[in-house]
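One structure is given here, and the rest of the page talks about it.
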């Protein structure tokens, strides 16, 4: 009560001063004058930009971060290097190179953890040079889905596993402007020495699951305090598939890539090398193949599949295979046709070493079909002799394929013949796997161009069954390096990001900065979803693939004003970016990506019983994300309570003395008047 009264008095006093003396202040380049209470609040309470760590749940518990209760957390800021013996909870300012040791200590030292009010993380591209490696994921990511027994193998040598723990305090990664705001307020600390003030951080990161006490996926789904992780995968084909006719169906060559990544921080999951470099390489290959004439004469059907939710239990690949079993509309045209071989494009952004781009082919098993794919890769390499590209078979001492979508294919069918192309052999060369530091500066665009060139020609060789490296048609397939560069910037850079011309030519993005986190699935899953529930990247990929794989690219006059075309084999593209979209003949579909253990019914999600015939479902964690309101972090300066109390006591004392003085003066004056 007294503290609130003092604050009101101080604010009122400040406003009086403002009314008398116009005050001009510059803080973080925003406020130049104070003319109202909101201006004063902005000056006193500085909003800090950044990226939160949020609460995720599974069937057995929780991971991630949250305010410990239902109220804001306010705690003094202290740098980790200045921490000695904390008496009360503090906000710890941690640098990126201190993160691993700090969170490891928090998990092992409960006494230390109890003194953590919140954490602000300071990072930047300069830390990539300082760090030998930083990966908050496990040494064998998603080992429970492995098709082989050696799950102790260390694919990820930089692993710390800190993103898989539960932290009962808020954690926030500062943006560049956030770092500046915090550093500015801390830089004045010495000037304020002895003034009984503290610089504090205020975290409004309350999770609905914390408020409701629902601490696992089953409980929070029942109470409606969380949503399943997932989204929408996309597939397309060259040439389009006639769904109405099953005659003369060709064996399928399936090319696969992933679009989602993960990190300690929800919206800072770029995944530049793992997996976006592979996605961009595949899109570059599709772009190159779209310029090849008459695909209808090829012996096999090319299908491109881009998955989401792979980081969280291979949601996209598992759901795709499940939809094939169900013969659903989402995979119409595929479910009755055998998939002959699968080529997955994994991490390919760090293949450049010296002057040579080297990639490794990891195969699922020894078979004639797998050998055919390996031969096609070698032929593609030979046809690109002037490009200094080398394709090597992965070490036979490896326990099997590395963590990839092929694991879901192998668990579904151990006889799957497939190859995954990677920039590593026995262990990840990406030292920032599933870290916020796996950004655009962590990869080499020439490596992605090289991978796209190999993939484009390999797919053509597999589809045409022509093994002549000097084939003129093969030699005419060229990847557009400028397109690769532009696409990397669209999908990995916040400055331009999804507002780049390439993306805006197809969709109207809702965000500029591409987070590449899978997100949550909204509403009822459908092969024709409400587009407001589909993420920017998925919508862009759908439009891009539909355009590049269509048989009427740029030559059609048919328009679609409401996203609907009159012919069943047509789809409407660019309807978001233009008032009128264009109808093209293309087989391009959305496939919902969510756990096979989940069912949506009457507006709610339920968890299905375990099914022994679904081996992957038996080990599925069923990941969900807690609901939350707008997340905010502010920093400001407060006076110590002891100082407030001292001011209160001093004020009462002065008031009392003044009152006594007035009474004494009144008595003296009265006596003087009587004597007169």
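The values are calculated or read from the model by the stated rules, or taken from the named source; none is laboratory data. Please read all numbers here as calculations on a predicted model, not as lab measurements. Every residue, glycine among them, receives a Cβ derived from its backbone with ideal geometry; neighbour counts consider all protein chains shown.
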Check whether at least one residue in region 119-140 is over 30 Å from residue 177 (Cβ atoms) and in contact (Cβ under 8 Å) with a residue 24 or more places away in the chain, and report yes or no. yes
Taking only region 41-78 into account, find how many residues are free of Cβ contacts under 8 Å to residues at least 40 places away in the same chain and part of a strand (DSSP E or B). 1
Of everything in region 500-513 that's surrounded by 15 or more Cβ atoms within 10 Å (Cβ to Cβ) and assigned to a helix (DSSP H, G or I), which residue is nearest to the chain's Cα centre (by Cα)? 503
Only one of (1) over 29 Å from residue 160 (Cα atoms); (2) in a helix (DSSP H, G or I); (3) in contact with a helix residue (DSSP H, G or I) (Cβ under 7 Å, 6 or more places away or on another chain) fails for residue 304. Which number is that? (2)
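Can you list the strands (runs of 3 or more DSSP E) lying wholly within region 215-284 that have 3 or more residues being crowded, with 22+ Cβ neighbours inside 10 Å? Full working, then the answer.
Details: elements: 226-228, 231-238, 252-258.
In region 215-284, 231-238, 252-258 are the strands (runs of 3 or more DSSP E) which contain 3 or more residues that are crowded, with 22+ Cβ neighbours inside 10 Å.
Here are some residues: 454, 429. Which one is in contact (Cβ under 8 Å) with a residue 24 or more places away in the chain, crowded, with 24+ Cβ neighbours inside 10 Å and within 26 Å of residue 384 (Cα to Cα)?
Going through 454, 429 in turn, just one is in contact (Cβ under 8 Å) with a residue 24 or more places away in the chain, crowded, with 24+ Cβ neighbours inside 10 Å and within 26 Å of residue 384 (Cα to Cα): 454.
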Pick from region 127-148, criterion more than 23 Å from the chain's Cα centre (by Cα) and modelled with pLDDT of 95 or more, ranking: surrounded by the fewest Cβ atoms within 10 Å (Cβ to Cβ): 148
For region 314-422, please list each of the helices (runs of 4 or more DSSP H) lying entirely inside it that holds at least 1 residues being in contact with a helix residue (DSSP H, G or I) (Cβ under 8 Å, 6 or more places away or on another chain) and closer than 23 Å to residue 477 by Cα. 368-383
Within region 467-484, residues under 30 Å from residue 125 (Cα atoms) and either outside the structural domain of residue 268 (by TED's automatic domain parsing) or surrounded by fewer than 16 Cβ atoms within 10 Å (Cβ to Cβ) (or both) come out as 480, 482
Determine whether residue 334 is more than 23 Å from residue 281 (Cα to Cα), in the same structural domain as residue 435 (by TED's automatic domain parsing), without any contact (Cβ under 8 Å) to a residue 12 or more places away in the chain and buried (at least 18 other Cβ atoms within 10 Å of the Cβ). no
Residues that are under 13 Å from residue 506 (Cα atoms) and at pLDDT below 85, drawn from region 564-578: 577, 578
Looking at this structure, is residue 479 more than 23 Å from the chain's Cα centre (by Cα), within 30 Å of residue 249 (Cα to Cα) and assigned to a helix (DSSP H, G or I)? no
Tell me, yes or no, whether region 514-532 has at least one residue that is assigned by TED's automatic domain parsing to the domain that holds residue 294, assigned to a loop (DSSP other than H, G, I, E, B) and farther than 30 Å from residue 604 by Cβ. yes
Being assigned to a loop (DSSP other than H, G, I, E, B) and either under 21 Å from residue 339 (Cβ atoms) or modelled with pLDDT under 95 (or both) is the requirement here; does residue 473 meet it? no
Do the conditions hold for residue 489, that is, is it surrounded by fewer than 22 Cβ atoms within 10 Å (Cβ to Cβ), closer than 18 Å to residue 239 by Cβ and free of Cβ contacts under 8 Å to residues at least 60 places away in the same chain? no
Looking at region 92-110, can you tell me whether even one residue there is surrounded by fewer than 17 Cβ atoms within 10 Å (Cβ to Cβ), without any contact (Cβ under 8 Å) to a residue 60 or more places away in the chain and farther than 19 Å from residue 169 by Cβ? yes
